[in-house]
1. So which pairs qualify, if the first residue must be in the range 4-27 and at positive phi, the second must be part of a helix (DSSP H, G or I), the Cβ gap must be under 8 Å, and the two must be at least 6 apart or on different chains?
2. How many residues does the range 90-141 hold that are in a loop (DSSP other than H, G, I, E, B) and in contact (Cβ under 8 Å) with a residue 60 or more places away in the chain?
3. Can you tell me how many residues in the range 41-64 are small (Gly, Ala, Ser) and touching a Leu at 6+ places or on another chain (Cβ under 7 Å)?
4. Touching a Gly at 6+ places or on another chain (Cβ under 9 Å) and under 23 Å from residue 75 (Cβ atoms): does that describe residue 215?
5. Going by the conditions given, is residue 420 within 15 Å of the chain's Cα centre (by Cα), in contact (Cβ under 8 Å) with a residue 40 or more places away in the chain and within 16 Å of the ligand (Cβ to nearest atom)?
6. Taking into account only those residues within the range 107-142 that are over 17 Å from residue 203 (Cβ atoms) and among the small types (Gly, Ala, Ser), which is surrounded by the most Cβ atoms within 10 Å (Cβ to Cβ)?
7. Please enumerate the residues belonging to the range 10-28 that are within 7 Å of the ligand (Cβ to nearest atom) and closer than 18 Å to residue 51 by Cβ.
8. Taking the conditions exactly as written (assigned by TED's automatic domain parsing to the domain that holds residue 241 and within 11 Å of the ligand (Cβ to nearest atom)), does residue 412 satisfy them or not?
Amino acid sequence: MAKVAVVGGGFGGLAAAARLAKLGHAVTLLERAERIGGALLPVEQDGFSWEGGPTYTVLPAVLRDLFRKSGRPLERELELVELDVLREHRFADGSSVSLPPTRGAQVAALEAMEPGLGTRWADYVHAYADDWEVLRREYLERPWDPARLPPALAARLRKRESLARHARRLRDDRLRQMALYPAEAEGHDPRDVPAWVGVTAYVEQRFGSSVVSGGMQALLGALVARLATRRVDVLRGTEVRDLQVRDGRAIGVVTEVGVVESDVVVVACDPRRLPALSSYVARTMPALPPVMVHLGLAGDLPEMAHETVLHGEPREPTIVVRANGPAWTLLGRGRVDEDLVTTLARRGIDIRSQVVTRVDRSPRDLVEAWGGSPYGVLWQGPRTVLRRLGPGTPVAGVYAVGAHATPGAGLPYVGLSAALVAQVVGPA
Ligand SMILES: Cc1cc2nc3c(=O)[nH]c(=O)nc-3n(C[C@H](O)[C@H](O)[C@H](O)COP(=O)(O)OP(=O)(O)OC[C@H]3O[C@@H](n4cnc5c(N)ncnc54)[C@H](O)[C@@H]3O)c2cc1C
């Protein structure tokens with residue numbers, strides 16, 4: 001049995017702690033904040049509650065696997081509800097499309113918007129099928145060694161074409177905006193994102209997207225309960241300042257009240273903040289969160305999809321509305337130089353007189369609250385994929401999970417990072 005210290009109690013740290021404890025290790029999770037959960041934590045004010053970060057997940061199989069491999073199956077504790085509309089896109093020319101999850105339904109919805117668009121989109125998305133098979137097998141489900149990449153994976157990861165260039169083949173600005181949206185939503189410039197990252201559109205179409213009944217708070221509650229069942233020692237309000245390393249191997253983590261000894265350290269936060277690791281990730285930058293406004297609303301509200309993306313004219317910001325009854329969250333990307341509620345009104349959704357309460361959070365507030373960015377590492381070209389740590393790191397006994405680690409940000413990928421580390425560490 002190894003003594004394991006997990007640094008960070010966001011989804012990545014929770015998932016890693018649950019898996020490693022089930023494998024028989026003695027796990028201590030250290031979280032700098034007073035509350036566990038990171039980006040899963042809700043924001044609350046005046047009786048309203050909003051998701052602080054994620055609201056849905058693609059690839060729900062990752063969550064199911066986490067629950068099964070750490071104890072009881074997910075279905076015994078949580079209900080996953082498949083979205084019948086992934087999101088609505090509204091474009092600057094006044095057209096719009098509600099995007100269903102399946103290929104056939106996407107074709108029909110886009111053909112109704114303009115004949116020819118549906119098949120063009122379907123062909124574009126389907127062209128990712130082979131990439132998906134290779135990525136799944138060699139990158140997402142198997143611990144990788146960047147120095148010894150299997151040829152099929154190397155061929156994909158080394159391609160220099162950017163997502164922005166790749167999406168040009170769609171020959172329609174609206175389809176292009178749809179294709180670039182997932183990368184832009186996570187704070188990236190599509191010119192710096194490799195084309196293969198667009199595989200998300202294929203994954204959404206093939207596996208759908210789900211919300212957790214009761215929201216991320218329900219998921220968080222189930223994970224915290226799982227840690228208690230597995231006897232994980234949870235230290236809240238405990239910031240890890242550095243790792244303690246002797247002869248190139250980690251022997252503990254340093255906190256302000258002393259060293260917590262361990263044989264294995266799992267870093268589930270931004271490794272740039274830990275001096276023992278920072279030099280290995282010096283060439284990475286965080287992908288910053290958006291401008292966020294949480295609104296508590298009253299009165300009759302327009303019917304909204306779970307997520308509505310309002311694309312602007314070039315150089316105008318993109319606004320995303322995540323609506324949950326009277327609790328809406330606005331996320332602004334691009335040049336946000338006025339109140340998002342005003343921009344929203346100019347784009348045809350005027351709820352200015354219905355705002356009962358609001359919480360404004362700048363990207364800087366968010367990074368401070370989370371102790372880093374839950375969007376992980378900023379894409380700066382195809383080589384960025386080689387600069388993330390994980391599952392292993394150059395320091396013996398230290399592993400990396402979470403948004404900053406391989407395979408990247410987003411709940412499914414963060415969940416997979418924990419599965420990879422559990423695979424490498426193995427049973428006690
Ligand atoms: C606005 C927003 C919306 C999103 N929407 C979605 C979505 O709909 N679907 C989706 O799949 N993904 C979404 N994401 C991405 C997803 O939420 C993240 O990728 C994921 O939650 C990251 O989990 P994490 O554990 O890596 O990081 P975090 O949740 O950031 O957790 C890191 C934790 O580590 C702690 N910590 C940091 N430093 C230290 C230290 N030195 N010592 C101890 N503890 C430390 C922090 O306090 C924090 O609790 C969204 C992200 C944001 C910001």
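1. Filtered contacts from the range 4-27: 8/38.
2. Qualifying residue count, the range 90-141: 8.
3. Residues meeting the conditions: 2.
4. Against the criterion (touching a Gly at 6+ places or on another chain (Cβ under 9 Å) and under 23 Å from residue 75 (Cβ atoms)), residue 215 does not qualify.
5. no
6. 118
7. Filtering the range 10-28 down to residues within 7 Å of the ligand (Cβ to nearest atom) leaves 10-13.
Within the range 10-28, 10, 11, 12 qualify.
8. Numbers: assigned by TED's automatic domain parsing to the domain that holds residue 241: yes; within 11 Å of the ligand (Cβ to nearest atom): yes.
In short, yes.
The values are calculated or read from the model by the stated rules, or taken from the named source; none is laboratory data. These numbers come from a predicted model, not from an experiment. Virtual Cβ from ideal backbone geometry, glycine too; neighbours counted across all protein chains shown.
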